[in-house]
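Working notes for the structure below.
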Amino acid sequence: MENSLKNPKKVLILGAAGFLGSNLVRRVLQEENIAVTAVDSLDPKLLSTKDTLADVMDKITFIEGDILDRKLLQEVVTGQDIIFNCAAQTSHTLSFKDPVFDTEVNCIGNIKLLETVRDHAKDAVVVYPSSSTVVGKAVGDVIDENHGERPLDIYSTNKGVAEKYYRVFNTVYDIKTVVLRFANLYGPYGKKDPAFGFVNYFIGLAADNEPIKIFGDGHQTRNVMFVDDATEILWQAAHSSKLFGESYFATHTDHHSVKEIAEAIAETFGQIKVEFEPWPDLRKRIEIEKVLFSSDKLRGLIDWQPKYSLAEGLKLTKERIKK
């Protein structure tokens with residue numbers, strides 16, 4: 001791995017109380033001589049809570065604040081070596097209910113961050129977790145970075161727009177940016193809400209001994225990845241100048257039907273029923289039947305392979321939830 005930073009000490013994680021952000025905080029804290037500043041709006045609309053950071057709160061500097069606050073951004077960005085922007089509205093359905101809010105967080109927030117980095121922390125590396133859903137419905141069997149973008153919802157549209165901001169600021173202002181597109185992450189600290197990802201929702205149901213409910217017959221297929229694999233590639237990406245200025249799929253080769261995923265979760269947590277329900281109309285309209293992503297471009301540039309199978313990731317998730 002090519003290191004573009006030597007012994008970075010100051011790391012800023014925006015959206016640190018969310019699912020990905022809170023897991024990333026724990027990954028970064030595994031490094032030596034690290035000072036982590038964690039920022040989150042704790043917006044109830046996003047189901048944000050400091051509980052996800054309770055066991056590491058004494059190891060970080062936590063600040064409650066919004067990515068739309070320019071004054072706050074200047075204060076927290078200045079002097080940072082690495083910035084991870086996990087601050088996002090991630091619900092597809094909420095993006096329809098409140099598209100302006102989604103645009104403020106997922107577009108305007110990123111513009112404000114990049115302007116602040118340009119003016120006050122130009123040497124920092126900025127890593128942005130995006131979404132595989134920016135491409136919409138697949139044309140062909142496998143989706144890579146050459147696939148066109150025809151997103152099916154406001155969230156995916158805005159994530160795709162934000163990706164272009166990062167590329168522009170790299171091209172025009174030499175900001176060191178990396179964008180990673182994830183798909184169906186799961187693990188501890190996920191939200192038990194179908195609006196914020198179906199795998200974590202299924203896990204939340206199973207952890208509470210409730211039936212797992214699938215829309216349709218569950219034949220649609222997905223790449224899934226344990227969150228530790230995502231936080232590892234985020235950390236690696238921050239140290240690889242080969243990746244700067246571009247967007248990359250960062251997905252697992254694990255490819256399962258939704259029914260298979262539900263059954264694996266039910267087996268892991270034990271004695272959990274799997275039930276089937278009719279599709280809500282809105283969800284059906286934006287549903288994608290088959291998705292298979294390729295991370296060959298990313299893997300051709302750095303040495304990264306997801307470590308955990310679905311069974312292994314679910315086992316670790318169960319263990320950490322119990323803790």
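Read-outs throughout are calculated quantities, based only on the coordinates presented, and are distinct from any laboratory measurement. No experiment lies behind these values; they were computed from the predicted model shown. Every residue, glycine among them, receives a Cβ derived from its backbone with ideal geometry; neighbour counts consider all protein chains shown.
Sparsely packed loop sites in region 84-177 (the trypsin sites (Lys or Arg not before Pro) outside DSSP H, G, I, E and B with at most 15 other Cβ atoms within 10 Å) comprise Lys122, Lys137. Three semi-axes describe the equivalent ellipsoid of the chain; taken as square roots of 5 times the Cα gyration tensor eigenvalues and ordered largest first, they are 30, 22, 19 Å. Placing unit charges on the Cβ atoms of the charged side chains and taking the dipole of the chain about its Cα centre, the candidate lying farthest along the positive direction among Gln271, Val126, Phe293 is Val126. Note the angle between two axes, namely the Cα long axis of helix 154-173 and the longest principal axis of the Cα atoms of the chain, as a number of degrees from 0 to 90, rounded to the nearest 10. Orientation of helix 154-173: about 20 degrees from the principal axis. From the helices alone, meaning DSSP H stretches of at least four residues, give me the mean residue ellipticity at 222 nm for the chain, per-run term -39500 (n - 2.57), in deg cm²/dmol to the nearest 500. Per the formula, -10500 deg cm²/dmol. Do you know the relative contact order of region 213-312, to the nearest whole percent, from alpha carbon pairs under 8 angstrom that are 6+ apart? Reported relative contact order: 49 percent. Dipole magnitude for region 111-190: about 140 debye, using +1 per Lys or Arg Cβ and -1 per Asp or Glu Cβ, origin at the Cα centre. Given +1 at the Cβ of Lys and Arg, -1 at the Cβ of Asp and Glu and no other charges, the dipole of region 149-300 around its Cα centre is 580 debye to the nearest 20.
Using the alpha-carbon centroid of each, what span in Å lies between region 7-29 and region 110-184? Going from one Cα centre to the other spans 19 Å. Given +1 at the Cβ of Lys and Arg, -1 at the Cβ of Asp and Glu and no other charges, the dipole of region 64-124 around its Cα centre is 140 debye to the nearest 20. Across region 38-100, C-alpha contacts under 8 Å between residues 6 or more apart give a mean separation that, scaled by the residue count, equals a relative contact order of 31 percent.
Restricting attention to the chain, close to 10% of DSSP beta bridges with both partner residues there are antiparallel. The GluC sites (Glu not before Pro) of region 22-69 that DSSP puts in a loop, and whose beta carbon has at most 10 other beta carbons within 10 Å, are Glu32.
Only Cα pairs under 8 Å and 6+ residues apart enter the sum, and on that basis the relative contact order of the chain stands at 18 percent. Against the main long axis of the alpha-carbon atoms of the chain, helix 258-269 sits at an angle near 90°. Here region 201-323 carries DSSP beta bridges of which approximately 40% are antiparallel, counting only pairs with both residues inside. Principal-axis analysis of the Cα atoms of the chain puts helix 310-322 at an angle of about 80° to the longest axis. Between Lys297 and Asp58, residue separation times 0.36 nm minus the direct Cα-Cα distance comes to 82.2 nm. Measuring between their Cα centroids, region 233-286 and region 38-87 lie 25 Å from each other.
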